[in-house]
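A short worksheet on the structure shown next.
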Amino acid sequence: MCLGNEKANGVWLNKYGTNETVSVETRYDVYFTSQLIVIREEREQWIRQKYTITPSNDETAPDRLHQAAAAGDVVAVLREHANGTDLNAQSENQRGTALHAAVMGEHTPCVLLLLLNGANPNSTDLEGNTALHIAARNGHLPSLRVLIRYRAEDVRNNAGYTATELAINGQHEQCVQLLQSLDRRESFNTPKKSD
């Protein structure tokens, strides 16, 4: 989980009375200060408590997350995530997850933020579309690249189309080329069955 920023981390460090530079040992996710060793989870819990505005059991939280992602509001997405909102929850109208909304709105920073924090790139909406289907259909190459980097799969939706086929139908040549190169890489890396 990626939570916090320089300001939040600075406030957290000042709580413990140190202004010294903090070195991070990323292998163990332990933060060292002059008199204190703190595990990452403890720091994140403190940040959540400090900046939590709404309770995590709020039924409208998935819709707020969905709306924030659709608007490209990175701060609101972070706030909802810090409040414990499930990043993979479907919106009330079942039009998909926050990732679907961010891709539909062509908000690549939100797409990346959601994926970095554990959003499932292969979750589907009611029509069986993944975020990859939406990016390909709309011809949004930056979102498509990010989704592929996070292992989005080119599966068939309920209508029987893959993201590659939707990109072809929409005449999005660069998206088609990227998705076809992905198909070639996957078939090359798939072990052949011996007879």
- prompt: Looking only at region 72-100, which residues are hydrophobic (A, V, I, L, M, F, W, C) and farther than 19 Å from Asn129 by Cα?
  reply: Val74, Val75, Ala76, Val77, Leu78, Ala82
- prompt: What is the one condition in (1) surrounded by fewer than 16 Cβ atoms within 10 Å (Cβ to Cβ); (2) in contact with a Ser or Thr (Cβ under 7 Å, 6 or more places away or on another chain) that Arg149 does not satisfy?
  reply: (2)
- line: Note on region 94-116: residues part of a loop (DSSP other than H, G, I, E, B) and either in contact with a Cys (Cβ under 6 Å, 6 or more places away or on another chain) or within 16 Å of Asn158 (Cα to Cα) (or both) are Gln94, Arg95, Gly96
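Rundown of residues vs (1) hydroxyl-bearing (Ser, Thr, Tyr); (2) closer than 30 Å to Arg137 by Cα; (3) crowded, with 19+ Cβ neighbours inside 10 Å; (4) at pLDDT below 90, yes/no style:
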position: Glu6; (1), (2), (3), (4): no, no, no, yes
position: Phe32; (1), (2), (3), (4): no, no, no, yes
position: Ile37; (1), (2), (3), (4): no, no, no, yes
position: Arg48; (1), (2), (3), (4): no, no, no, yes
position: Leu65; (1), (2), (3), (4): no, yes, yes, no
position: Gly72; (1), (2), (3), (4): no, yes, no, no
position: Val77; (1), (2), (3), (4): no, yes, yes, no
position: Leu115; (1), (2), (3), (4): no, yes, yes, no
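The values are calculated or read from the model by the stated rules, or taken from the named source; none is laboratory data. Because the structure is a prediction, the values reported are computed rather than measured. In this analysis, Cβ positions are derived from the backbone assuming ideal geometry, glycine residues included, and neighbour counts consider all displayed protein chains.
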